[in-house]
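The structure appears right after this line, and notes come after that.
The values are calculated or read from the model by the stated rules, or taken from the named source; none is laboratory data. Just so it is clear, the structure is predicted and the values come from calculations on it, not from any experiment. All Cβ positions, glycine included, derive from the backbone under ideal geometry; neighbour counts span all protein chains shown.
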Amino acid sequence: MPSATRQAPRCQASVAGLALEAQTALLPQALGAFALSLPIFVWIGSQARDSAFMAASFAVFAINWGALYAVVGWLGRPEAADPRRRLRVHLLSGLLWAGAVAQIAAMANNAGPAREALLMASVAAAVMCLFFTSPSLPSLLIVAPAAMAGPLTALVSSPDTRFDGVLAWGAFALSFLLSLILNQILRRQFALTIERESLTASREASLERAETIARSRAALIATLSNEIRNGLTAVVQVLTAATEHAGRTAPSRDQLAAALAGSNELVAVLNATLDSETAEAGGLAVERAPFDPVSLVREAAGPWRAQAMAKGLEFSIYIDPQVAEGPGAAMADPERMRQILVNLIANAVKYTVRGRVEVRLERRTDDRLVVAVADTGPGLSAGEVSQAFEPFRRIERTGAGVPGAGLGLSLSRRLADLMDATIDAESAVGVGSCFTVEFPYDPSAVLPAGIDGRGEPARLSLSGLRILVAEDDSLNAAVLRTILEQLGHQVIHVRNGRRAANLARSLPLDAAIMAARLPGLDGAQAITSIRRADGPAGAIPIIAIIEGDAEEAKACLDAGAQLIMRKPVTVGAVARAVADALSLPPTQVVRAAA
């Protein structure tokens with residue numbers, strides 16, 4: 001005898017699906033009930049006036065019992081997971097039993113003295129059908145009336161049993177009403193079950209997210225404690241060694257280069273860590289714009305050529321002539337694509353001790369380009385390749401002595417996914433590795449006039465501007481002064497907002513860079529004061545620098561700043577910000593400049 005444990009896989013989470021599961025759970029009991037009724041059915045069959053009716057009765061019973069057994073077996077198969085198919089099978093099996101009840105009623109109508117007893121037995125069989133179809137409302141509404149139609153028709157067709165027919169009709173109506181009430185109760189239970197499962201799934205998802213965040217935070221702390229602390233210690237030691245003679249000897253170029261390299265590595269680790277955390281929170285966004293892939297590849301690979309040559313490595317760049325000479329443009333976020341390529345090329349140069357590194361840009365299909373970065377480094381096994389793409393994971397066999405946070409490849413894959421790009425890797429231990437990034441290409445796209453290879457507007461070279469810098473932090477002010485003077489500008493530095501507003505009114509200035517947090521008047525208040533000035537002073541381009549707070553950005557923009565920069569600043573960011581601010585009227589603002 002089949003058991004309820006052979007139920008089909010859970011249907012879709014719905015009331016109808018749970019109703020079918022409940023009805024499925026009753027099918028083995030239905031088989032048992034009809035099997036226990038076999039002696040009664042044999043007695044019913046023996047009351048037939050001719051052998052043909054008796055044979056037909058036994059055949060119908062056998063066919064229905066076998067069909068129900070087959071249905072119970074079928075419900076354990078994968079195809080039974082479709083709720084609509086299951087409902088049709090339930091209805092068909094129920095109608096088969098309704099037909100058996102009708103056959104009993106037809107036989108009983110010609111059974112002579114046993115007619116009334118046989119008809120009441122058929123009524124009981126119909127009520128059994130009604131009970132076993134009660135969990136599913138469609139089955140109850142279709143099968144139950146079909147099962148009762150035969151016995152009721154036979155009872156009310158004869159004057160001798162018409163009263164019994166009325167009683168049977170009342171019993172049927174009462175049973176049907178109770179079944180509807182039971183169905184309603186079950187439906188409410190099913191709804192509560194679905195809600196509970198939804199809450200459970202939501203809680204499990206929340207727990208999983210919390211565990212993921214906790215693991216990410218732990219890895220972040222480990223990265224900060226190792227890479228950042230060790231890197232800062234090394235930079236401090238180099239600078240200390242460069243100045244240990246109390247100014248009697250100038251620091252050597254090698255010492256300054258070592259400190260600069262260490263500082264750049266720390267910035268790279270911090271940027272990768274912050275981008276990874278932003279991606280983990282789902283806040284990493286990319287743009288889609290046309291750009292020149294040839295210029296981008298050469299720009300990304302250029303800085304690493306010198307490092308490769310310093311290590312004695314052969315470094316080569318191959319550009320497919322179809323890409324270099326053909327029309328079209330790559331379609332992705334140029335800055336994020338550059339970030340991916342720099343990660344791949346940097347890894348190849350850092351991990352390769354001898355041999356060569358090659359960067360190849362080729363056209364794979366009409367609408368896809370591929371950049372392959374191949375090296376003759378230590379190579380990775382299949383398991384190590386998978387591990388290399390996990391965040392905060394580094395290959396111990398190859399990573400000893402190589403700085404990094406273990407985030408480059410995982411972050412690159414996240415960025416690629418956001419840009420309809422893919423990153424693959426082929427590697428063999430002791431032979432080398434080849435990492436490829438494939439990204440969209442539009443043969444019909446045309447770079448707009450004035451767009452450079454990175455997809456950015458080409459800007460005129462500006463120099464000789466007189467720029468007011470309002471920043472109370474000495475280190476940040478020194479960084480800004482160094483960058484602006486490196487760009488050829490004259491810098492006037494003040495430490496508070498009130499002094500900045502007064503100088504903006506009294507001195508001829510080409511632009512102003514205001515920190516959001518200043519003593520006296522904060523950045524927004526100082527910008528408001530400048531904008532209220534008469535004449536050219538009230539219309540000078542103003543760039544606000546914030547720590548990253550959205551409320552600070554909004555306050556400065558509302559006060560009249562034309563552009564927002566976030567710390568830390570770079571030479572490129574400052575140059576673009578100054579050029580953009582000079583090209584915008586005072587009323588036009590830009591939300592962010594990185």
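Some observations on this one:
- Test: residue in the stretch 93-105 that is closer than 30 Å to ALA70 by Cα, assigned to a helix (DSSP H, G or I) and aromatic (Phe, Trp, Tyr): yes
- Residue selected from the stretch 92-108 under the condition in contact with a Pro (Cβ under 9 Å, 6 or more places away or on another chain) and modelled with pLDDT of 75 or more, by the criterion surrounded by the fewest Cβ atoms within 10 Å (Cβ to Cβ): ALA102
- Some residue of the stretch 292-303 being part of a loop (DSSP other than H, G, I, E, B) and either free of Cβ contacts under 8 Å to residues at least 24 places away in the same chain or not charged (D, E, K, R) (or both): no
- For the residues LEU167, LEU141, LEU180, LEU174, the requirement of being farther than 21 Å from LEU87 by Cβ, at pLDDT 80 or above, assigned to a helix (DSSP H, G or I) and within 55 Å of the chain's Cα centre (by Cα) singles out LEU174.
- Failed item in (1) under 13 Å from PRO293 (Cβ atoms); (2) within 31 Å of the chain's Cα centre (by Cα), with GLY326 passing the rest: (2)
- Verdict on PRO334 being touching a residue at least 40 places away in the same chain (Cβ under 8 Å) and in contact with a Lys or Arg (Cβ under 6 Å, 6 or more places away or on another chain): yes
- Counting only residues that are under 19 Å from LEU409 (Cβ atoms), among the acidic types (Asp, Glu) and assigned to a helix (DSSP H, G or I), the stretch 322-368 holds 1 of them.
- Filter pass, GLY520 being in a loop (DSSP other than H, G, I, E, B), outside the structural domain of GLU335 (by TED's automatic domain parsing) and modelled with pLDDT under 85: yes
- Output for the stretch 422-436, where each listed residue is of a type in the set (A, V, I, L, M) and either under 15 Å from the mean Cα position of the chain (by Cα) or more than 16 Å from ILE345 (Cβ to Cβ) (or both): ALA428, VAL429, VAL431
- Any hit, the stretch 183-206, residues being more than 29 Å from GLU21 (Cα to Cα) and surrounded by fewer than 15 Cβ atoms within 10 Å (Cβ to Cβ): no
- Residue, surrounded by the most Cβ atoms within 10 Å (Cβ to Cβ), within the stretch 155-173, restricted to residues that are within 14 Å of ALA124 (Cβ to Cβ) and of a type in the set (A, V, I, L, M): LEU155
- Test result for SER583, modelled with pLDDT under 80, in the same structural domain as ASN502 (by TED's automatic domain parsing), closer than 18 Å to LEU468 by Cα and among the small types (Gly, Ala, Ser): yes
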